[in-house]
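Take a look at the structure set out below.
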Amino acid sequence: MDSKKRRDWICARKNYSLVVLALCLLLHYLHVSIILVEATSEVNVHIVYLGGKKNDDPASTKKFHHQILTTLLGSKEAAYRSIIYSYKHGFSGFAARLTESQAEAIAEFPGVVQVIRNRIHKLHTTRSWDFIGIHQHLSGNLLTKSMGKGTIIGLIDSGVWPESESFNDEGMDPIPTHWKGICQQGEHFNSTNCNRKIIGARWFRKGAIEHFKNLNDTNTVVEFLSPRDGIGHGTHTASTAAGYFVKRANYRGLASGLARGGAPLAQLAIYKACWAFEGCTDADLLKAFDKAIHDGVDILSLSVGNVTPLFSYVDQRDSIAIGSFHATAKGITVVCSAGNDGPISQTIVNTAPWLITVAATTIDRAFPTAITLGNNHTLWGQSIDIGKHKHGFVGIIYSERIALDRTNDSAKDCQPGSLNATLASGKIVLCFSKSDQQDIESASNTVQEAGGVGLIFAQFPNDGLASCDIPCIRVGYEVGTQILSYIRKARFPIAKLSDPKTVIGKWVSPRVASFSGRGPSSMTPEVLKPDIAAPGVDIIAAFRPRDTKHSNGYALLSGTSMACPHVAGIAALIKSAHPNWSPSAIKSALVTTASQTGTDGTSISAEGLTRKEADPFDIGGGHVDPNKAIDPGLIFDASTDDYIQFLCSLGYSSASITRLTKTNINCITKTHGVNLNLPSITIPNLKRTATVTRTVTNVGHINSKYKALVHAPPGIKMTVEPQTLSFNITTQILPFKITFFTTQKLHGDYKFGSLTWTDGEHLVRSPVAIRVIGFESYNDV
């Protein structure tokens with residue numbers, strides 16, 4: 001028997017002792033040693049993921065990690081030089097510097113679930129709380145009674161600016177007794193920067209250091225080697241979720257009002273795993289998850305996602321799905337952003353069913369800015385550049401008229417270096433966007449470099465305003481065309497740009513933001529994503545100040561990054577009111593009570609290349625309604641075992657899931673992914689008929705009766721059995737079945753409907769998405 005066969009025979013044994021395990025590892029090392037000696041490939045960080053913990057002793061777990069590396073590399077010294085993180089609290093694994101051949105070798109070791117190459121993830125970059133119905137002055141409301149007291153929201157982001165007034169601990173309760181975290185010191189950050197609001201802070205950079213060696217050089221990168229926020233993103237999301245009350249907060253006079261987070265009396269735990277320019281690496285993110293689970297957070301908020309959608313939770317190395325799985329198993333609600341790659345279909349990220357994935361919408365606030373032409377005609381755009389419009393009437397010119405190179409159209413949207421400085425100097429320049437490759441900020445830089453004093457940027461509907469160094473105003477193509485018409489007709493065209501104003505309640509809202517990532521999920525289409533939508537356009541919150549002389553700064557930012565902490569804050573409010581609710585119960589309450597109606601009484605619309613009525617792939621259950629979510633009536637609950645069986649339905653083997661969870665799993669029982677007890681129903685391949693099961697738990701009145709209200713997708717028959725659910729003191733959990741039937745023989749697109757249970761007081765609505773498959777394969781065509 002050769003060494004490989006001997007190794008395979010020993011390692012295949014079940015219930016092996018530590019001696020047998022050591023022998024197995026030794027034989028494995030002997031088999032691959034030649035490969036390791038000869039390897040000369042580049043060393044990179046890899047995450048060796050071992051799944052759930054075998055025991056609750058972190059020291060033993062860490063020792064085991066070193067033993068594995070020692071076996072692979074041949075010495076303890078090499079193992080200590082290689083390892084950068086040991087994951088030993090929420091799950092088991094480690095991050096280490098390995099060559100590709102070493103990574104391939106260790107992937108074959110017993111107990112290794114997956115070896116993950118360290119990759120980069122990106123951040124998804126006041127009035128909003130009033131807009132969604134959280135009015136802190138209404139003392140009788142269950143939400144505002146607690147304001148998040150007793151809950152801890154963990155933020156995995158770019159850190160925090162602790163001096164901001166939003167993190168004042170006046171009126172905060174003592175630190176919860178279940179907190180086990182620390183206030184880690186570092187550059188311009190010490191223990192005094194934590195208080196009863198920011199109760200803990202940690203930072204993780206080893207994964208980023210391996211990718212970007214110059215991260216240590218803080219002279220070239222605007223960054224701090226500490227929990228202090230170098231870019232402002234984490235400060236903004238943290239204050240959105242749980243910032244304390246700040247009067248007269250504003251951005252340069254705009255959007256002035258009372259700033260606060262959704263759960264202003266909840267405490268914050270900061271986990272800095274994202275860095276300026278470098279983003280967030282898998283190794284650092286998983287360490288942040290590991291520590292957050294250990295520290296005792298109740299909610300985790302991640303405005304972070306993959307650069308592109310993945311196609312498998314484990315096999316394609318989705319570190320956020322892996323970390324959040326273990327967090328959810330410990331009762332932590334994990335909220336993630338949906339990504340900013342919309343409005344194209346299937347751009348949604350963070351699609352694991354145990355996550356709450358949040359889309360972004362507008363609120364009813366705008367910043368109209370007057371453009372007065374030389375013919376006394378006033379047109380309107382939007383801007384957040386205030387105090388810069390001081391030139392009065394000046395010349396205005398169309399960018400193509402001052403192109404340096406007339407042989408291409410790069411000047412049309414003011415691409416870098418495309419404008420003639422002699423002709424642009426001292427003028428306002430009108431540019432037309434011709435693709436999503438050029439934005440208003442880049443165009444303003446081009447105009448400024450050419451000597452221009454202002455920019456009017458015409459583009460298709462695109463949400464979120466940006467500040468420029470010169471006055472820049474965004475307009476639609478219609479207004480842009482009117483301005484161009486004036487320029488061409490006038491002998492000496494002139495214009496004046498006014499300061500923007502803050503206007504509330506004059507625009508129909510919410511609308512799904514143009515950038516918000518859209519479903520369906522390409523990985524698991526039977527899981528509806530996003531789950532919910534929340535404000536994410538032009539949100540004012542705390543930010544890193546402009547310079548170190550100021551302790552406070554506020555900024556208007558847009559992105560699903562801003563929507564995510566809104567829901568995290570609401571989740572904290574629900575957790576505070578219902579401390580025993582599971583993450584899936586909180587998710588269900590949010591999804592089933594969400595709104596599908598805008599402020600004008602019509603359906604919420606979705607912005608994109610064309611405007612349309614929003615569907616579940618845009619907003620999930622709908623726009624978040626916290627006042628209804630606190631009392632949903634019924635919930636769809638799901639346990640870790642339910643998620644495990646869901647993984648079985650995706651084809652993962654019993655062995656791989658056993659390694660993931662460290663519990664014996666049997667995937668022999670055939671379940672279908674559509675039967676996971678989610679608060680939504682998606683059937684991506686309906687062939688004539690299908691039946692889906694769900695179970696609801698009564699969290700409302702003990703004695704209650706709910707009736708089913710069916711809104712079937714067009715062309716599909718939908719029946720529910722039973723049609724009424726009766727709850728009493730002994731019966732609080734009931735199942736039901738939904739059967740879908742179609743006679744359609746053509747392959748179709750998704751159609752949408754809903755199932756609502758009502759007792760006359762509550763409306764428990766599940767969105768429905770069905771796609772008919774008229775043939776089984778293209779051979780049938």
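The values are calculated or read from the model by the stated rules, or taken from the named source; none is laboratory data. Being a predicted model, the structure only gives us computed values, none of them experimental. Using ideal geometry, Cβ is built from the backbone for each residue, glycine included, and neighbour counts are taken over all protein chains shown. Note: accessible area is taken over every heavy atom of the protein model, side chains too, but ligands, DNA and RNA are not part of it. Shrake-Rupley method; radii C 1.70, N 1.55, O 1.52, S 1.80 Å.
Points worth noting:
- Neighbour net charge for residue 522 - beta-carbon separation under 13 angstrom, K R +1, D E -1: -1
- Span from the the stretch 487-505 Cα centroid across to the the stretch 325-344 one, whole angstrom: 42 Å
- Overall shape: oblate for the stretch 156-275, with the ratio a/c of the largest to smallest alpha carbon gyration tensor axis at 1.5 or above and b/c at least equal to a/b.
- Between 484, 554, 521, the Cα set farthest toward the positive side of the dipole of the stretch 445-600 (charges on each charged residue's Cβ, about the Cα centre) is that of 484.
- Spacing of the two label points (7 Å from each Cα toward its C-beta) at residue 248 and residue 602, in nm: 4.1 nm
- Links that overshoot a 25 Å alpha carbon limit, given the list 197/501; 287/628; 687/737: 197/501; 287/628
- Note on residue 394/residue 756: beta-carbon distance plugged into 1/(1 + (r/R0)^6) with R0 of 56 Å gives a FRET efficiency of 0.45.
- Global geometry of the stretch 382-490, whether rounded, prolate or oblate, following the gyration tensor of its Cα atoms and the 1.5 cut on a/c: rounded
- Fully extended contour minus Cα-Cα distance, from residue 425 to residue 344, at 0.36 nm per residue: 25.3 nm
- Rounded to the nearest 0.05, the FRET efficiency derived from the C-beta distance between residue 693 and residue 490 at R0 = 51 Å is 0.15.
- Percent accessible area from carbon and sulfur atoms, the stretch 555-714, protein chains only, probe 1.4 Å: 51 percent
- Summarising the amide proton neighbourhood of residue 472: residues at separation of 5 or more, or on other chains, whose placed amide H is nearer than 5 Å comprise 385, 455.
- Residues with amide H under 5 Å from that of residue 774, placed H, sequence gap 5 or more: 747, 748
- Shape call, the stretch 598-642: gyration tensor on alpha carbons, a/c limit 1.5: oblate
- Neighbourhood net charge (9 Å Cβ-Cβ; Lys/Arg +1, Asp/Glu -1) for residue 370: +1
- Summing Lys and Arg as +1 and Asp and Glu as -1 over all other residues whose Cβ lies under 11 Å from the Cβ of residue 615 gives a net charge of 0.
- With a Förster radius of 41 Å applied to the beta-carbon distance between residue 378 and residue 188, the computed FRET efficiency rounds to 0.30.
- Share, in percent, of DSSP beta bridges within the chain that are antiparallel, nearest 5: 65 percent
- With all protein chains kept in place, the per residue accessible area of the chain amounts to 40 square angstrom at a probe of 1.4 angstrom.
- The stretch 573-643 versus the stretch 672-711: alpha-carbon centroid distance in Å: 15 Å
- Projecting label points 7 angstrom from Cα along Cα→Cβ for residue 749 and residue 717 puts them 2.6 nm apart.
- Of the peptides 167-180, 617-630, the order by per-residue mean of other Cβ atoms within 10 Å, starting with the highest, comes out as 617-630, 167-180.
- The gain in end-to-end length when the residue 42 to residue 59 segment is fully stretched comes to 3.0 nm, 0.36 nm per residue minus the alpha carbon separation.
- For the stretch 80-117 versus the stretch 148-182, the spacing of their alpha-carbon centroids is 33 Å.
- Check: the chain dipole with +1 on Lys, Arg Cβ and -1 on Asp, Glu Cβ, in debye: 480 debye
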